[in-house]
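A.B. asks: Can you read through this structure? Questions will come right after.
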């Protein structure tokens, strides 16, 4: 009998879904894979809390170490979230030679190299398909199927909360505040939405995608990130008139000097495949010289899709256990250069509130030119005191764009730089 | 040194791309994966033919068995195509304990169970990521990442030639003949396009997708397939007016009585994610209770994308060789029922050339009704002798639709059933 005992750390939304699947679909999984996956131990924070699944209460403990150390547990699933005690428990399992399946992107982005080294030393897999893109198979395709591709760029919509908010703003003219409130009432956004709307969640996922795509470990500390909090109805409207939509993008790119990883809301041409990704859906777009363009899209969060991705990892790890061989790491991270965001070429859309005096555009254009930023297009709306200038620049180093912005803020007839949104499109 | 000797059977477009990649990217692959992939032997049909790659001529032979039997060859890549001698060589390699990587969908669809059994017996992998969807990672996600999902339906655009032709017809009003000629001149269609336009290529891929999605082997002989040769400009125009586009779909579906696998051109609502897949691009759309909807899209053919997919398999198989363990099959096929196409519920669009006599619609509606097929919508164009009726039915068994069609053909004022295209959309 090919039985593998499974220990769970955590039993919240994702953990609860996974437990139900392990129990209810036990026979179907065995028929399809030949594996008898047995739930042996579950650690929860609160023993009294009502659960969405029914299992023998003797399996439940409040002590995560008891799960990891249980000799019947041969494979550990970590769905506690957070950095500790999750990190300590993952290391403890790996060091005991037990494969670990986790969806904890924050932990991986923070301590990836240490955890992967522990897995390699123990010769067991550390799998994390659900850490990016929820139910979308993306980790395995990127790190295994595309192992032979010299990937050039990965662009992802990897945060469902912000994509829901931006979709509501773009399609229904909602304000940021109203769209956020709606996302919260639908359960797409947490009471404290900072990690989502501020771009931190996307930054952790961007770091993981970049590391897999380029084999160079990109720590979260190297990821520039900016959130969507400042995107206004006016920006959405102008984006649309200019042929763009605004999306929060996680970008990992191989540049001449090394790898760039960054997250910010960006204007994307409406014809780009990622521009069509609506609501809480996630998507990852991969570019390479041989595969050209690949798009993966699907549910980026939620208990059930995420549990499917984790179940795939559990089946994979269980097979490795039964094969009995030492597992070589599926991807190696070699030292590589990371490019500071300031030296990456970006393209800006800038909205300026100006006094409509003769010469103000000349002054603004002069400020861009003085910093070697050339202007692609200018639109003016309104006249007199209420005029607005919308400027889209050509590509120039981020640092130059910022210097130009500072110079523009010093021009007397410029009342304010109302907003800046980067533009991701082929530079013509 | 983690060296794995590779033998190639075939060196055409895909094989040539793969050989170039193995040579030129040898160092990059080693840095990323730790594997030293060494090309040891290449079998070609014609020793005199000019090649796109440069390798030591001593490596080249006209005898495929010499490649398979070479003791330095530990892994065999089959890119000869066709059923024989490819089938014999794949079996010979597997029986010698050598993993095989192939893109030969015709061979797999024809002899899958026998080949997989040989691989299982030898404890070595038989990998075929490139057999469906070219460069799109789809085999591995379907068979591994989604192993824990109770997949309900897989719909694919898996033939680039026909999608190119249908896209030109839909977007530019081209006739079928002109679009086919253009596809041939661009190299998207072969001089004899029968396997592509007739649906046979898509049927082999549908059989493979169905087998992986449902774990029930669906032989090619069980796949109903119909090609795109009869799709006319008029059908395209009417599809568009009704809110649809026409795509050649490979459908694998779990129904009450078993699994249905079928290929035909179908009207798809313009808002469906697959309706946006244009030109030679391929895409696979997967539906399941937990993952909801997943979309994979990318280049479905071509030497370079296909070589990337095969290289991913080569890297995977090389790792297995070095791990030294017996490999359990990643998916098991259990006996399962296949549903005959005649009993599957389909929805038809029927275009009739009729004499515009009072009562003809009543007769046509009566014929549908007599076979329990209810009508969803009717459109009439023209008057007098030249009238055309466009009818879209609700879901009814394919057999009933066909019987209704035969009855309609017998109505005196119906000059002809000009075309029938099935409709894939939620039935309202």
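A.B. asks: Could you give the angle, 0 to 90 degrees to the nearest 10, between helix A:200-214's Cα long axis and the longest principal axis of the Cα atoms of chain A?
C.D. replies: 80
A.B. asks: How many Å³ per residue does the convex hull of the Cα positions in segment B:139-299 occupy?
C.D. replies: Values: hull volume 17.9 nm³, N = 161.
Residue-normalised Cα hull volume stands at 111 Å³.
A.B. asks: Quickly rank A:88-95, A:130-137 as a protection proxy: mean count of other C-beta atoms within 10 Å, highest first. Please report the intermediate quantities before stating the final value.
C.D. replies: Details: A:88-95: 21.1, A:130-137: 28.9.
Going from most to least packed, we get A:130-137, A:88-95.
A.B. asks: What number, rounded to the nearest 500 deg cm²/dmol, is the helix-based mean residue ellipticity at 222 nm of chain A, given -39500 (n - 2.57) per DSSP H run of at least four residues and division by all its residues?
C.D. replies: That calculation yields -10500 deg cm²/dmol at 222 nm.
A.B. asks: Here is a follow-up. Placing the label point 7 Å from Cα along the Cα-to-Cβ direction, what are the distances from residue B:152 to the equivalent spots in the other copies, shortest first, in nm to one decimal?
C.D. replies: For residue B:152, the other copies' label points sit at 3.9 nm, shortest first.
A.B. asks: What is the distance in Å between the Cα centroid of segment B:107-146 and that of segment A:148-223?
C.D. replies: Cα centroid to Cα centroid, the span is 34 Å.
A.B. asks: Could I ask something else about it? Kindly provide log₁₀ I(q)/I(0) values, in the same order as q = 0.15, 0.22 Å⁻¹, from the Debye equation applied to equal alpha-carbon scatterers of segment A:131-199.
C.D. replies: The computed values of log10 I(q)/I(0) come out as -0.61, -0.91.
A.B. asks: Could you compute the FRET efficiency for residue A:271 and residue B:2, with r as their C-beta to C-beta distance and R0 at 56 Å, rounded to 0.05? Intermediate values should be presented prior to the final figure.
C.D. replies: Numbers: r = 44 Å, r/R0 = 0.79.
With R0 = 56 Å, the Cβ-Cβ based efficiency is 0.80.
A.B. asks: Moving on to the next point. Assume the label is 7 Å from Cα along Cα to beta carbon: what separations in nm does residue B:358 have to the matching positions in the other copies?
C.D. replies: Output for residue B:358: 7.9 nm, nearest copy listed first.
A.B. asks: Shape of segment B:74-190 from its Cα gyration tensor (a ≥ b ≥ c, root eigenvalues): rounded if a/c is under 1.5, otherwise prolate when a/b > b/c, or oblate?
C.D. replies: Details: a/c = 3.27, a/b = 1.75, b/c = 1.87.
The shape class here is oblate.
A.B. asks: Starting from the Cα of residue B:417, step 7 Å along the direction of its Cβ; do the same at residue B:402; then give the gap between the two resulting points in nm.
C.D. replies: If labels sit at residue B:417 and residue B:402, their model points lie 1.0 nm apart.
A.B. asks: Could you work out the mean count of beta carbons from other protein chains within 10 Å of each residue's beta carbon in B:127-137?
C.D. replies: Numbers: counts 0, 0, 3, 1, 0, 0, 1, 1, 9, 6, 12.
Across the residues of B:127-137, the mean count of other-chain Cβ atoms within 10 Å is 3.
A.B. asks: With chain B treated as a Gaussian network of Cα nodes joined by springs under 10 Å, which of B:281, B:216, B:145 yields the largest mean-square fluctuation?
C.D. replies: B:145
A.B. asks: Name the most mobile residue of A:109, A:365, A:179, meaning the one with the largest mean-square fluctuation, in a Gaussian network model of chain A with Cα contacts below 10 Å.
C.D. replies: Of A:109, A:365, A:179, the most mobile in the Gaussian network model is A:365.
A.B. asks: Residue A:376 label points, 7 Å along Cα→Cβ, one per copy: pairwise distances from this copy to the rest in nm, shortest first?
C.D. replies: Nearest first, the other copies' label points are 4.1 nm away.
A.B. asks: Let me make sure I get this right: for segment A:293-346, a, b and c are the square roots of the gyration tensor eigenvalues over alpha carbons, sorted descending. Under 1.5 in a/c it's rounded, otherwise prolate if a/b > b/c, else oblate. Which is it?
C.D. replies: On the way: a/c = 3.36, a/b = 1.42, b/c = 2.36.
Oblate shape, in that a/c is at least 1.5 and b/c is the bigger or equal ratio.
A.B. asks: Can you tell me, using C-alpha contacts under 8 Å and at least 6 residues apart, the relative contact order of chain B as a whole percent?
C.D. replies: Values: 925 pairs, mean separation 68.3, N = 428.
Across chain B, relative contact order equals 16 percent.
A.B. asks: Once the principal axes of the Cα atoms of segment B:342-423 are found, what is the range along each, listed largest first in whole angstroms?
C.D. replies: Computed over the Cα atoms, the extents are 37, 20, 17 Å.
A.B. asks: Under the Kirkwood approximation for Rh and a Cα-based Rg, what ratio Rg/Rh is obtained for segment B:33-85? Walk me through the numbers on the way to the answer.
C.D. replies: On the way: Rg = 12.0 Å, Rh = 12.4 Å.
My calculation puts Rg/Rh at 0.97.
A.B. asks: Taking each residue in B:300-310, count the Cβ atoms of any other chain within 10 Å of its Cβ, then average. What number comes out?
C.D. replies: Values: counts 0, 0, 3, 1, 6, 7, 2, 4, 13, 6, 1.
Mean shielding by partner chains, rounded to a whole number: 4.
A.B. asks: While we're looking at this one, here's another question. So how do A:266-278, A:307-319 stack up, highest first, on mean other-Cβ count within 10 Å? Please list the in-between numbers first.
C.D. replies: Details: A:266-278: 18.8, A:307-319: 27.1.
Ranked from most to least packed, the peptides come out as A:307-319, A:266-278.
A.B. asks: Separate question: For a Förster distance of 41 Å, can you work out the FRET efficiency between the beta-carbons of residue A:343 and residue B:152, rounded to the nearest 0.05? List each step's numbers first, then the result.
C.D. replies: Details: r = 49 Å, r/R0 = 1.18.
Efficiency for this residue pair is about 0.25.
A.B. asks: Per residue of A:184-190, count partner chain C-beta atoms within 10 Å of its C-beta, then hand back the mean as an integer.
C.D. replies: Numbers: counts 0, 0, 0, 0, 0, 0, 0.
Shielding by partners across A:184-190 averages 0.
A.B. asks: Taking the 0 to 90 degree range and rounding to the nearest ten, how far is the long axis of helix B:160-172 tilted relative to the main principal axis of chain B, both from C-alpha atoms?
C.D. replies: With rounding to tens, the tilt is 40 degrees.
A.B. asks: Can you tell me the orientation of helix A:86-95 relative to chain A, as the angle in degrees between its alpha-carbon axis and the longest Cα principal axis, to the nearest 10?
C.D. replies: Once rounded, the angle reads 50 degrees.
A.B. asks: Just report the Cα centroid separation between segment B:335-393 and segment A:14-78, whole Å.
C.D. replies: 53
A.B. asks: Does the protein assembly as shown come out rounded, prolate or oblate by the C-alpha gyration tensor, with a ≥ b ≥ c the root eigenvalues, rounded set by a/c under 1.5 and, if not, prolate when a/b is larger than b/c and oblate if not? Intermediate results must be reported in sequence, preceding the final value.
C.D. replies: Numbers: a/c = 1.39, a/b = 1.05, b/c = 1.32.
Here the protein assembly as shown falls in the rounded category.
A.B. asks: How big, on average over all directions, is the shadow cast by the Cα convex hull of chain A, in nm²? All intermediate terms of the calculation are to be shown ahead of the outcome.
C.D. replies: Values: hull surface 87.1 nm².
Over all viewing directions, chain A projects a mean Cα-hull area of 21.8 nm².
Read the figures in this text as sums done on the coordinates, not as results from a lab. Quick caveat: nothing in here was measured; it's all calculated off a predicted structure. Positions of Cβ are generated from backbone atoms using ideal geometry, with glycine treated the same way; all protein chains shown enter the neighbour counts.
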